Amino acid sequence: MSDGLRELPVSAPQQLPQERGDAARNRALLLDAARNLVKLRGADAVTMDDVAAAAGVGKGTVFRRFGNRAGLMMVLLDDDERASQQAFLFGPPPLGPDAPPMDRLVAFGRERMRFVHAHHELLSEAHRDPQTRNSAPVLVHRTHVRVLLQAAHTTGDLDAQADALLALLNVNYVEHQLKDGGHTLETLGDAWESLARKLCGR
């Protein structure tokens, strides 16, 4: 694993490394309100006005803190994205670094599909904004897949091959295949593994 990959951030760009006590409390209040609303209504039914009202602040406060609705959704995903990154960068095999690259690549795809399905509402809302489609987590995933392809001695255009694999993890694709395509997470994982092995000549 490259040192560069270890250093890539996963936190949403709106999150600040240090905050004053009152700012941190306001942020926590807003996020708690947003999480509760998402649980009650689903992410697609939650507006910035709703979050402001539930937190007892003005709408402008929410926009100043998170930029827009997509930014809010990205921050809600942040903790789980961090845990996911820790697992595939530093966790046990087959996902973590003590497994062969091919095994890690297969495990990453299967695990990420489970993550995408479990968080599909938040991911769908966050990715409606083109600016969040190349967010820090997305860049980490792309770099991770490319590094594993290279470590597995894949030939050809690694960037294009990484993009081809990552297309199978797109939230809209995954949800469409699960709802309308007759697939399960297991069969989608099998498709990921098949493509990964073909790209790696296995």
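The values are calculated or read from the model by the stated rules, or taken from the named source; none is laboratory data. Note that the structure is predicted; figures quoted are calculated from it, not measured. All Cβ positions, glycine included, derive from the backbone under ideal geometry; neighbour counts span all protein chains shown.
Does any residue of segment 46-68 turn out to be under 21 Å from Leu169 (Cα atoms), surrounded by fewer than 17 Cβ atoms within 10 Å (Cβ to Cβ) and either among the charged types (D, E, K, R) or modelled with pLDDT of 90 or more (or both)? Steps first, please.
Looking only at segment 46-68, we keep the residues that are under 21 Å from Leu169 (Cα atoms), and these are none.
No - not one qualifying residue is present in segment 46-68.
I'd like to verify a number: residues in segment 185-202 that are farther than 21 Å from Leu158 by Cβ and surrounded by 12 or more Cβ atoms within 10 Å (Cβ to Cβ), how many?
5
Please work out if Leu76 is touching a Phe, Trp or Tyr at 6+ places or on another chain (Cβ under 7 Å), part of a helix (DSSP H, G or I) and without any contact (Cβ under 8 Å) to a residue 60 or more places away in the chain. So that I can check it myself, show each step before the final result.
Details: touching a Phe, Trp or Tyr at 6+ places or on another chain (Cβ under 7 Å): no; part of a helix (DSSP H, G or I): yes; without any contact (Cβ under 8 Å) to a residue 60 or more places away in the chain: yes.
No.
What are the residues in segment 23-61 that are in contact with a helix residue (DSSP H, G or I) (Cβ under 6 Å, 6 or more places away or on another chain), assigned to a helix (DSSP H, G or I) and among the hydrophobic types (A, V, I, L, M, F, W, C), if any?
Leu29, Leu30, Ala33, Ala34, Leu37, Ala43, Met48, Val51, Ala52, Ala54, Ala55
Search segment 82-101 for residues that are assigned to a loop (DSSP other than H, G, I, E, B) and pair each with any residue that is among the β-branched types (Val, Ile, Thr) when their beta-carbon atoms are under 8 Å apart and the residues are at least 6 apart or on different chains.
So the pair list comes out as Pro94/Val106.
Could you please find all residues in segment 62-73 being outside any loop (DSSP other than H, G, I, E, B) and not charged (D, E, K, R)?
Within segment 62-73, the first condition is being outside any loop (DSSP other than H, G, I, E, B), and the residues that meet it are 62-66, 69-73.
Scanning segment 62-73 gives Val62, Phe63, Phe66, Ala70, Gly71, Leu72, Met73.
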